[in-house]
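K.L.:
I have a structure I would like to understand better, so I am pasting it below and will then ask my questions one at a time.
Taken together, the values in this text are just the output of simple stated rules run on the coordinates, not laboratory data. If you're wondering where the values come from, they're calculated on a predicted model, not measured in any experiment. Note that each Cβ is placed from the backbone with ideal geometry, even for glycine, and that neighbours are counted across all protein chains shown.
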């Protein structure tokens, strides 16, 4: 029998990746040709790869992917995008800052996921297999790539 807490936890993070991928697609389109678009496209590929690892863990845990969580996260991303548009209708620096910050927070959450799963893997066969050290390094690299653009957007949006 699948561990229901594990299935719930993994599905929560799958849902988060759905929202992140949608937001990254939006950023790549909204800032086409810019450094933000190039970052968004690269992060989209990375997060898609991380998501595949997570999907594998869901399957190994004997859990089903939650269509409700996936749909909810998709909808939440659309609402977040609406909020961004209302806050900065021109798609300027505040829009970029808040979108990049949301992605950055998601990356931090993903790093926490990998640390938690690494700790739980000692007693859970379904969680053994992924190279958690590599996944944590990738999350760190993703955070390091987004941080300079986020800080530049903060300077543009928030400086007097």
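K.L.:
Please give the length that would be gained between residue 76 and residue 137 if that part of the chain were fully extended, namely 0.36 nm times their separation in residues minus their C-alpha to C-alpha distance (nm, one decimal).
P.N.:
Using 0.36 nm per residue and subtracting the Cα-Cα distance, I get 19.1 nm.
K.L.:
At a 10 angstrom cut-off on C-beta neighbours, averaged per residue, how do the peptides 119-126, 34-41 rank from highest to lowest?
P.N.:
For the peptides 119-126, 34-41, the packing ranking is 34-41, 119-126.
K.L.:
Subtract the Cα-Cα distance of residue 3 and residue 155 from 0.36 nm times their separation in residues, and report this length gain in nm to one decimal.
P.N.:
50.2 nm
K.L.:
Have a look at 127, 79, 97 and tell me which one the Gaussian network model of the chain (Cα, springs below 10 Å) gives the largest fluctuation.
P.N.:
The residue with the greatest mean-square fluctuation here is 79.
K.L.:
Compute the distance in nm between two label points, each set 7 Å from the Cα along the Cα-to-Cβ direction, one at residue 121 and one at residue 35.
P.N.:
Distance between label points: 3.5 nm.
K.L.:
Residue separation times 0.36 nm, minus the C-alpha to C-alpha distance between residue 83 and residue 52: what's the value?
P.N.:
Separation in residues times 0.36 nm, less the Cα-Cα distance, equals 8.2 nm.
K.L.:
Looking only at 33, 42, 62, which one moves most when the chain is put into a Gaussian network model with springs between Cα atoms under 10 Å?
P.N.:
33
K.L.:
Also, I was wondering about something else. Roughly how tilted is helix 93-121, in degrees to the nearest 10 and between 0 and 90, from the longest Cα axis of the chain?
P.N.:
10 degrees
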